[in-house]
Amino acid sequence: MIKRLFKLLKKYIILIVTALLMSGVSVGLQLYVPFLTGKAIDLMDDSNINFKELYIIIGMMFLCVLLAFIFMLFVSNLLNYVAYKLIAGLREDAFNKIHLLPVSYIDSHSHGNIVAIITNDIDVVSDGLLQTFQSLLNGIITIIITIIFMLVYEYKIALMVIFLTPLSMISATVISKLTFKTFKKQAKIKGDLSSFLEESFSNLTKNDVYDYQDAIIEKFDVINNELDKVGFKAQFSASFTNPITRFINSIIYASVGIYGAYLCITQNYLTAGIITSFLTYANQYTKPFNEISNVIQELQNAFSSARRIFAFLDEREIDIDNMANLEEISDISFKNISFSYVKDKVILDDFNLTIKKNTKVALVGKTGCGKSTVINLLMRFYDYDNGEIIINSDIKHYSKKSLRDKIGMVLQDNFIFKASVYENLCYGKKSSLDDVQKACKKAFAHDFIMRLPQGYDTIIDNNSLSSGEKQLLCIARMILMDKEVLILDEATSNIDTRLEVLINNALMNLMKDKTCIIIAHRLKTIQDADLIAVVANKKVVELGTHEFLISQNGEYKQIFEAQFSN
């Protein structure tokens, strides 16, 4: 995982190296100030103070501080730029990944959890990277340069400081390993909470209707309390890092002061200025360890989130199909199709059906019999386990894009994007306003659109229109796209009686000279179909026109009589 993060940073290597060099210069200038401070103190220890030299040293100190500030400002901006660019790229990869995943993954994973990965987890990684860049790298450079200064001053004290340092690092590493699993669990629970919230908001009205609020609140409390416990445990264990490293660093600082004073008093080995400089260096040397211990907590959190992000990015994508293009759709034949979404739970078995070109074929049957599964297989949202779907050749021989370019769908529920009416209608195909208006007139949508405040320029969203009006827009969109094959999946099931006649007329215009596959529970909408296929027991059990199937006294007649018994 860490290697993978570094791999992402490769493209910014020049900026990172530049930032590191500038950071080194900035730290070097900062650490040169204690050296100048020591010299100034030793100058003032003399009865004959050389004020000219003292003023020069003070001027150099001011210049060093100013230059260090300027360099560090550039470093901060460079590293911020790198971190945010990397995160923006990571978020773009994650968003693009959604469109490359098979429908089976989207159907089987919580949408809220996926959203949490793209938003929450990537933000956590962003915070961790910024902390790493700004504190960790700067701290390491400070440690290295401080050691060099101390070795130049007095190697014995420097070696003592270096000898005691591993105690701080070991304690931080041990706590880091202990807390990683807890932070990983915390990230997972955050995803579960996000998923639960998304589900709750989506079904807010239904929860009110079924008086389910108390149960929802209780379930939320369970997840929230679990997150509270795991979060507290993670923060509590991580909070030991900073106090322990500060305690060890205080021991190092005291040891330097005591040993330096001993050398100064007993052996006249060091001056007061050198001891002052050394104490400052000891403090500067240990300070990054305190900062690094703070960063470790952020890094553990970031690594946990990064694992979730990379696991998502590594999910198997839709196979890249460099297959042949489907040029024209002829007859569609399902031959001996078998399929199951879940192993050992067969949905279709030995399913056979032929749909002639430019005919209207209806699929009927009880809920769960597999009607929508037939459409999923034809669109290759899922691939069948056995058998063939033939359009000139097996559809697996064609690219998915060229297949879907030939097929249009009008679904039971249609989503409207927050955009103008015109932009919504051009969602599938860019068209001129004149073409859009012609399509809307065929779909009987033009009149209600013109009654909107700005007509075709009116900004709408999914809540702006009724179900019937949204359906009319979808039909107009399909007319614009002019597909060879149309799939109507319960296209009139949610429509009020007033609009049903308009929508049926619009559908007649849409289906003219097209191959149409209709899924419907309401049999009165498909009585004029060229062919009706009754799906039961995982296959087609009856096939024929409405009149023929009624005369057979079979499954179709039972369904028909159940609907029209009155």
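Comparison of Asn325, Asn336, Asn358, Asn376 shows that the only residue that is touching a strand residue (DSSP E or B) at 6+ places or on another chain (Cβ under 8 Å) and within 26 Å of Gln412 (Cβ to Cβ) is Asn358. For the range 391-403, does any single residue satisfy the condition of being out of contact with any helix residue (DSSP H, G or I) (no Cβ under 7 Å at 6 or more places or on another chain), within 25 Å of Lys371 (Cα to Cα), buried (at least 19 other Cβ atoms within 10 Å of the Cβ) and among the hydrophobic types (A, V, I, L, M, F, W, C)? Yes, the range 391-403 has at least one match. The residues of the range 303-317 that are within 14 Å of Ala116 (Cα to Cα) and either among the small types (Gly, Ala, Ser) or more than 11 Å from the chain's Cα centre (by Cα) (or both), listed by number, are Ser304, Ser305, Ala306, Arg307, Ala311.
When you go through (1) free of Cβ contacts under 8 Å to residues at least 40 places away in the same chain; (2) loosely packed, with under 15 Cβ neighbours inside 10 Å; (3) on the phi < 0 side of the Ramachandran plot one by one for Gly368, which number turns out not to apply? All conditions are met except number (3). Of the helices (runs of 4 or more DSSP H) entirely within the range 6-124, those holding at least 1 residues that are under 38 Å from the mean Cα position of the chain (by Cα), among the polar types (S, T, N, Q) and closer than 30 Å to Ser194 by Cβ occupy 51-98, 103-108, 111-116. Please indicate, with yes or no, whether at least one residue in the range 381-388 is surrounded by 14 or more Cβ atoms within 10 Å (Cβ to Cβ), assigned to a strand (DSSP E or B), touching a helix residue (DSSP H, G or I) at 6+ places or on another chain (Cβ under 6 Å) and modelled with pLDDT of 85 or more. Checking the range 381-388: not a single residue is surrounded by 14 or more Cβ atoms within 10 Å (Cβ to Cβ), assigned to a strand (DSSP E or B), touching a helix residue (DSSP H, G or I) at 6+ places or on another chain (Cβ under 6 Å) and modelled with pLDDT of 85 or more. Within the range 137-154, residues that are farther than 16 Å from Asn283 by Cβ sit with their Cβ atoms under 7 Å from residues that are surrounded by fewer than 21 Cβ atoms within 10 Å (Cβ to Cβ) and modelled with pLDDT of 80 or more, at 6+ positions apart or across chains, in these pairs: Leu137/Leu20; Ile141/Gly24. Scan the range 430-440 residue by residue and report those that are surrounded by 14 or more Cβ atoms within 10 Å (Cβ to Cβ) and not acidic (Asp, Glu). Once the filter is applied, which keeps residues that are surrounded by 14 or more Cβ atoms within 10 Å (Cβ to Cβ) and not acidic (Asp, Glu), the range 430-440 yields Ser431, Val436, Gln437, Lys438, Ala439, Cys440. Looking only at residues in the range 496-526 that are closer than 25 Å to Ser466 by Cβ and hydroxyl-bearing (Ser, Thr, Tyr), which one is surrounded by the most Cβ atoms within 10 Å (Cβ to Cβ)? In this case the residue turns out to be Thr525. What do you reckon, is Ile407 in the same structural domain as Arg380 (by TED's automatic domain parsing), of a type outside the set (Asp, Glu) and within 14 Å of Asn462 (Cα to Cα)? Answer is no for this residue. Look at the range 470-491: where a residue is at positive phi and a partner is of a type in the set (A, V, I, L, M) and part of a loop (DSSP other than H, G, I, E, B), sitting 6+ places away or on another chain with Cβ atoms under 7 Å, you get Glu490/Ala520.
Out of the residues in the range 33-65 meeting the condition of being free of Cβ contacts under 8 Å to residues at least 40 places away in the same chain and of a type in the set (Phe, Trp, Tyr), tell me which one is nearest to Ser277 (Cα to Cα). The extreme case among them is Phe62.
Residues of the range 442-467 that are in contact (Cβ under 8 Å) with a residue 40 or more places away in the chain, charged (D, E, K, R) and in a loop (DSSP other than H, G, I, E, B): Asp461 alone. Evaluate the following for Ile337: is it farther than 13 Å from Gly387 by Cβ and among the aliphatic types (A, V, I, L, M)? No: the conditions fail for Ile337. Quick check: is even one residue across the range 409-432 among the aliphatic types (A, V, I, L, M), more than 30 Å from Leu377 (Cβ to Cβ) and without any contact (Cβ under 8 Å) to a residue 24 or more places away in the chain? No, because not a single residue in the range 409-432 is among the aliphatic types (A, V, I, L, M), more than 30 Å from Leu377 (Cβ to Cβ) and without any contact (Cβ under 8 Å) to a residue 24 or more places away in the chain. Could you tell me which residue of the range 527-555 is surrounded by the fewest Cβ atoms within 10 Å (Cβ to Cβ), considering only residues that are at pLDDT below 85 and touching a helix residue (DSSP H, G or I) at 6+ places or on another chain (Cβ under 8 Å)? Once the filter is applied, the top-ranked residue is Asp528. If we keep just the residues of the range 347-363 that are among the β-branched types (Val, Ile, Thr) and touching an Asp or Glu at 6+ places or on another chain (Cβ under 9 Å), which is surrounded by the most Cβ atoms within 10 Å (Cβ to Cβ)? Within the range 347-363, the match that is surrounded by the most Cβ atoms within 10 Å (Cβ to Cβ) is Ile355. Consider the range 447-462 and keep the residues that are closer than 17 Å to Tyr427 by Cα and among the hydrophobic types (A, V, I, L, M, F, W, C). The one that is surrounded by the fewest Cβ atoms within 10 Å (Cβ to Cβ) is Ile459. Take the residues in the range 404-426 that are assigned to a strand (DSSP E or B) and surrounded by fewer than 18 Cβ atoms within 10 Å (Cβ to Cβ), then tell me which one is modelled with the highest pLDDT. Step by step, filter the range 404-426, then rank; the result is Ser420. Might you let me know whether the range 344-358 holds any residue that is charged (D, E, K, R), outside any strand (DSSP E or B), in the same structural domain as Lys512 (by TED's automatic domain parsing) and free of Cβ contacts under 8 Å to residues at least 40 places away in the same chain? Yes, the conditions are met somewhere in the range 344-358.
The values are calculated or read from the model by the stated rules, or taken from the named source; none is laboratory data. Since the structure is predicted, the reported quantities are computational estimates derived from the model, not experimental observations. All Cβ positions, glycine included, derive from the backbone under ideal geometry; neighbour counts span all protein chains shown.
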